[in-house]
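The block underneath contains the structure these notes are about, expressed in structure tokens.
The values are calculated or read from the model by the stated rules, or taken from the named source; none is laboratory data. From a predicted model like this one, the values you see are computed outputs, not experimental measurements. Cβ atoms come from the backbone with ideal geometry, glycine included; neighbour counts cover every protein chain shown. Ligands, DNA and RNA are excluded from the accessible area calculation, which covers all protein heavy atoms including side chains. Shrake-Rupley method; radii C 1.70, N 1.55, O 1.52, S 1.80 Å.
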Amino acid sequence: NAGVMQNPRHLVRRRGQEARLRCSPVKGHSHVYWYRQLPEEGLKFMVYLQKENIIDESGMPKERFSAEFPKEGPSILRIQQVVRGDSAAYFCASSPDLGIDTDTQYFGPGTRLTVL
Amino acid sequence: GQNIDQPTEMTATEGAIVQINCTYQTSGFNGLFWYQQHAGEAPTFLSYNVLDGLEEKGRFSSFLSRSKGYSYLLLKELQMKDSASYLCAVRDLLDGATNKLIFGTGTLLAVQP
């Protein structure tokens, strides 16, 4: 029973390039969340998606950042024209649709993005 | 505003008991979570409280007082492997159905022999 999977685990980009982060939720989970963790800071909510729909993107910067969770395939967090301040660990979490465990979000191992 | 406070660092001795406190002020509240995070790894779920009182799960217990905006995580019979960051998070329902978690900065616990 695989948990949340994220790839790549480490990603290096130069300023101005694009970064694509992938997240495969726990099998059967239809809710996906993205969080960012800057060095010495707590996890910050970015976006919450349910299959093909963005439910809450209140934590995501308006420019350069986008997220999707298509009907088939992983969720993608896309950062265009990366800047050094985007360097952080990006964590994906998922939660199930129904059942007694609907409150719990399970986290993936994260993608560590370094912008040179 | 949204504010979650927990101590930055704590030190405890192997075999002892340690209590990690968390206070919160959030616009909405629908449950409080504790996660454990080892350096460079994913946060792993420890406990969930939505009603006042104590929830016990093996060596770990978590307490919630909604009227005081306060929670603690209690770790008993500390082991060296318990050295990690402990994250307090509140589930916010300010905007309706959103399920987002608001995290504190985490408490780095060092367990010494």
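Using a 1.4 Å probe on the protein chains only, how many percent of the accessible area of chain B belongs to carbon and sulfur?
50
Starting from the Cα of A:K71, draw a straight line to each of the lysines and keep only those under 25 Å, dropping any in the same chain fewer than 8 residues away. Once the sequence-local lysines are set aside, what remains near A:K71 is A:K27, A:K51, A:K62, B:K100.
P(r) tail, the range A:12-116: Cα-Cα pairs separated by more than 21 Å, 31% of all pairs. Protein heavy-atom accessible surface, 1.4 Å probe, per residue over chain B: 47 Å².
Placing R0 at 35 angstrom, the Cβ-Cβ distance between A:R78 and B:S67 gives a FRET efficiency of 0.25 after rounding to 0.05. Sort chain B into rounded, prolate or oblate with this rule: let a ≥ b ≥ c be the square roots of the eigenvalues of the Cα gyration tensor; rounded if a/c is under 1.5, and if a/c is not under 1.5, prolate when a/b is larger than b/c, oblate otherwise. Taking the square roots of the gyration eigenvalues as a ≥ b ≥ c, chain B is prolate.
In the context of the full set of protein chains, residues of the range A:1-70 present 58 Å² of accessible surface per residue (probe radius 1.4 Å, heavy atoms only).
Using a basic spin-label model with each label point 7 Å from the Cα along Cα→Cβ, how many nm lie between B:E77 and A:S30? Going from the B:E77 label point to the A:S30 one covers 4.2 nm. The heavy atoms of A:H29 present about 30 square angstrom of accessible area, all protein chains included, probe 1.4 Å.
Identify the trypsin sites (Lys or Arg not before Pro) of the range A:32-116 meeting these criteria: DSSP loop state and at most 10 other C-beta atoms within 10 Å of the C-beta.
Values: sites: A:R36, A:K44, A:K51, A:K62, A:R64, A:K71, A:R78, A:R84, A:R112; in loops: A:K51, A:K62, A:R64, A:K71.
Here the trypsin sites (Lys or Arg not before Pro) that fit, given the DSSP loop and packing criteria, are A:K62, A:K71.
Remark: spin-label model distance A:R15-A:E40 equals 2.2 nm, labels positioned 7 Å along the Cα→Cβ axis. Given R₀ = 41 Å, FRET efficiency for B:K57-B:Q25 by Cβ-Cβ distance, to 0.05? With a Förster radius of 41 Å, E is 0.95.
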